[in-house]
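**Student:** After the structure tokens below, expect a handful of questions from me.
The values are calculated or read from the model by the stated rules, or taken from the named source; none is laboratory data. Not measured: the values here are computed from a predicted model. Please note: Cβ atoms are built from the backbone with ideal geometry, for glycine as well, and neighbour counts cover all protein chains shown.
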Ligand code: AMP
């Protein structure tokens, strides 16, 4: 086996020998440059060589094998020319979708996923119609071969994706069988995160003089950079960034995303939320990029959202934080990214968002940096408030230290207090409210705490007593938001809406036997929102106020408006919006599930 060297700096897609139509698609998809596995794998595959690649999910290996296949596919031949074997149906579907995306400029291109657990019929009709690429799980592919419904005589490339997983799942015989059926002239590309003996055996039996590709990571310690990861769950990444920016003390931050389009989108969203942010990407003219970096340096800009290429060599001492919105495809890029902080002897912080399926890549990065990356929890609203309070204290103390240059408001304040029979503290409190907006009430904080951590609910949370659901599930086990004491109909006793939240009204209340857990469950399910992001719930006699994160997509609010809880349609709308004309709040009940209300809406917890 001969080893292919890894290029130090990934070249452009055009330099890899891909046809211009595919290069154009990649530009449209937003890929700026090939990932290391792509830079190393595409040229030998384009030459028709076999490849043995060590690559994790998240490194860009799908494009590494899909692009050479698409570059050579004969659209005039309606027969499978490439076969990709994957260990699971999810991966088969995902790979087929990637093929379709990269084939956007190939009219009539067809890819078909075939996997166990699905009826044969759609697969048979797909195969009969004629496809160019088949992506399948080994068991089902073998079934089609033995039935004679899949023919491999026109196959020029076989890809084994996640080979170690495939063998771990006991597919060794199927893989051998399938490879024996393929024409002798076929090219084989084998990708595996690890190279155990079983994978080596497959490579030795079926690959011919493969280019062996391992993306060597220059291990480098980044001792001055504290590294943390957040396992992406429930909450959207955007919401997570906002929380981090609000709660984490930082000087300047660089946020990395994978695509140029995403840098602009993210920067705009951050600006809309009041942060001083700008994009930095390769599409921007050089002078604009230089201006952006200069603004970051002089402090007139705090956040840059960049791609790897645009941020190469960026040296700004102020950068205290690097936030990897998308985990990079390889550890080299990661090391480069986090090297943008901890400069000039300062310490820095790095945070990486990791989707559950990218955990393997995280481990690779951890090994390469030889530094632990510790899991972080997302800041809670309390953290956000604590940070705001700390900032406010600093501002007050700065103002106290400043003599005001002859501008002394004290006589005015004293006269306001004296004329209105107020203490100076009353006046100061009113001024504080004017300056910083509504403060987080302790109750809001408590409510949030009880949502985030069901077990932390203390007597102070003043919940309604637990009751068993008719189906025996304890609603009390749900992450129930603390209900305020039953407010009166005029809505006295309502609290300020916390920043970042919007108060909604739903048409179900105490008199319908509503418990907070039911509403949390319904909203978490219907809006696909992690229950920890549901804020305060105030239950009134025949309606309820609930605080939900800003920016709810219209489609979600339509779903929530139509959802049913306790036999009532929620008819969700912003609390300050006028009541819709019809239907009447006493709308007819929907068909009820044995549990008492619509099954999807009634569960206390997101399933
Ligand atoms: P994979 O390892 O194939 O599962 O790819 C992981 C992710 O990286 C996918 O979301 C791809 O869309 C993305 N990706 C692949 N290649 C590139 C590239 N050259 N630049 C940016 N993102 C990429």
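**Student:** Tell me whether the stretch 209-230 contains one or more residues that are part of a helix (DSSP H, G or I) and either out of contact with any helix residue (DSSP H, G or I) (no Cβ under 7 Å at 6 or more places or on another chain) or at pLDDT 95 or above (or both).
**Tutor:** Checked against the condition, which is being part of a helix (DSSP H, G or I) and either out of contact with any helix residue (DSSP H, G or I) (no Cβ under 7 Å at 6 or more places or on another chain) or at pLDDT 95 or above (or both), the stretch 209-230 yields no hits at all.
**Student:** Over 35 Å from the mean Cα position of the chain (by Cα) and loosely packed, with under 14 Cβ neighbours inside 10 Å, is that true of residue 154?
**Tutor:** No; evaluated as a whole, the condition is false for this residue.
**Student:** With at pLDDT 85 or above, within 22 Å of residue 374 (Cα to Cα) and surrounded by 16 or more Cβ atoms within 10 Å (Cβ to Cβ) as the only criterion, which of 303, 351 stands out?
**Tutor:** 351
**Student:** If I ask for residues that are away from the ligand (no atom under 16 Å from the Cβ) and outside any loop (DSSP other than H, G, I, E, B), which ones from the stretch 235-245 would you list?
**Tutor:** 238, 239, 240, 241, 242, 243, 244, 245 - these are the residues of the stretch 235-245 that are away from the ligand (no atom under 16 Å from the Cβ) and outside any loop (DSSP other than H, G, I, E, B).
**Student:** Residue by residue through the stretch 54-70, note down the ones that are at pLDDT 95 or above and more than 8 Å from the ligand (Cβ to nearest atom).
**Tutor:** 65, 66, 67, 68, 69, 70
**Student:** Follow-up. Is the stretch 246-253 home to any residue that is assigned to a strand (DSSP E or B) and away from the ligand (no atom under 16 Å from the Cβ)?
**Tutor:** Within the stretch 246-253 (the criterion being assigned to a strand (DSSP E or B) and away from the ligand (no atom under 16 Å from the Cβ)), the answer is yes, since at least one residue qualifies.
**Student:** If you don't mind, another one. Taking the stretch 1-13 on its own, how many of its residues are surrounded by fewer than 21 Cβ atoms within 10 Å (Cβ to Cβ) and at pLDDT 90 or above?
**Tutor:** 0
Yes or no, residue by residue, for (1) crowded, with 20+ Cβ neighbours inside 10 Å; (2) at pLDDT 90 or above:
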position: 251; (1), (2): no, yes
position: 256; (1), (2): yes, yes
position: 263; (1), (2): yes, yes
position: 267; (1), (2): yes, yes
position: 272; (1), (2): no, no
position: 282; (1), (2): no, no
position: 296; (1), (2): yes, yes
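**Student:** Which condition number in (1) closer than 30 Å to residue 337 by Cβ; (2) outside any loop (DSSP other than H, G, I, E, B); (3) more than 16 Å from the ligand (Cβ to nearest atom) is the one that residue 353 fails?
**Tutor:** (3)
**Student:** Any idea which residue in the stretch 96-132 is farthest from residue 144 (Cα to Cα), counting only those that are out of contact with any helix residue (DSSP H, G or I) (no Cβ under 9 Å at 6 or more places or on another chain) and crowded, with 20+ Cβ neighbours inside 10 Å?
**Tutor:** Top of the filtered list is 96.
**Student:** Continuing with the same structure: Kindly list, by first and then second residue, each pair from a residue in the stretch 357-371 that is under 22 Å from residue 94 (Cβ atoms) and touching a residue at least 12 places away in the same chain (Cβ under 8 Å) to a residue that is within 16 Å of the ligand (Cβ to nearest atom) and assigned to a helix (DSSP H, G or I), limited to pairs with Cβ atoms under 7 Å and residues at least 6 apart or on different chains.
**Tutor:** 364/331; 365/331; 365/334
**Student:** Just need a number here: residues in the stretch 34-50 that are surrounded by fewer than 19 Cβ atoms within 10 Å (Cβ to Cβ) and either assigned to a helix (DSSP H, G or I) or within 12 Å of the ligand (Cβ to nearest atom) (or both).
**Tutor:** Count: 1.
**Student:** Scan the helices (runs of 4 or more DSSP H) fully inside the stretch 274-345 and keep the ones with 1 or more residues being under 25 Å from the mean Cα position of the chain (by Cα) and touching a residue at least 12 places away in the same chain (Cβ under 8 Å).
**Tutor:** Of the helices (runs of 4 or more DSSP H) lying wholly inside the stretch 274-345, those with at least 1 residues that are under 25 Å from the mean Cα position of the chain (by Cα) and touching a residue at least 12 places away in the same chain (Cβ under 8 Å) span 308-311, 331-338.
**Student:** Within the stretch 330-345, can one find any residue that is loosely packed, with under 15 Cβ neighbours inside 10 Å and either within 23 Å of residue 226 (Cβ to Cβ) or away from the ligand (no atom under 14 Å from the Cβ) (or both)?
**Tutor:** yes
**Student:** Kindly list, by first and then second residue, each pair from a residue in the stretch 221-240 that is on the phi > 0 side of the Ramachandran plot to a residue that is surrounded by 15 or more Cβ atoms within 10 Å (Cβ to Cβ) and modelled with pLDDT under 90, limited to pairs with Cβ atoms under 6 Å and residues at least 6 apart or on different chains.
**Tutor:** Listed by first residue and then by second, the contacts come to 234/530.
**Student:** While we're looking at this one, here's another question. Can you tell me which residues in the stretch 548-571 are in contact with a strand residue (DSSP E or B) (Cβ under 6 Å, 6 or more places away or on another chain) and closer than 10 Å to residue 507 by Cβ?
**Tutor:** 570
**Student:** Just give me the residues in the stretch 75-94 being crowded, with 21+ Cβ neighbours inside 10 Å and either closer than 19 Å to residue 28 by Cα or free of Cβ contacts under 8 Å to residues at least 60 places away in the same chain (or both), in sequence order.
**Tutor:** 92
**Student:** Would you check if there is a residue in the stretch 21-33 being within 13 Å of the ligand (Cβ to nearest atom), closer than 23 Å to residue 86 by Cα and in contact (Cβ under 8 Å) with a residue 40 or more places away in the chain?
**Tutor:** No, there is no match, as no residue in the stretch 21-33 is within 13 Å of the ligand (Cβ to nearest atom), closer than 23 Å to residue 86 by Cα and in contact (Cβ under 8 Å) with a residue 40 or more places away in the chain.
**Student:** Moving on to the next point. Looking at the stretch 254-270, which of its residues are within 16 Å of the ligand (Cβ to nearest atom) and part of a helix (DSSP H, G or I)?
**Tutor:** Once the filter is applied, which keeps residues that are within 16 Å of the ligand (Cβ to nearest atom) and part of a helix (DSSP H, G or I), the stretch 254-270 yields 260, 261, 262, 263, 264, 265, 266.
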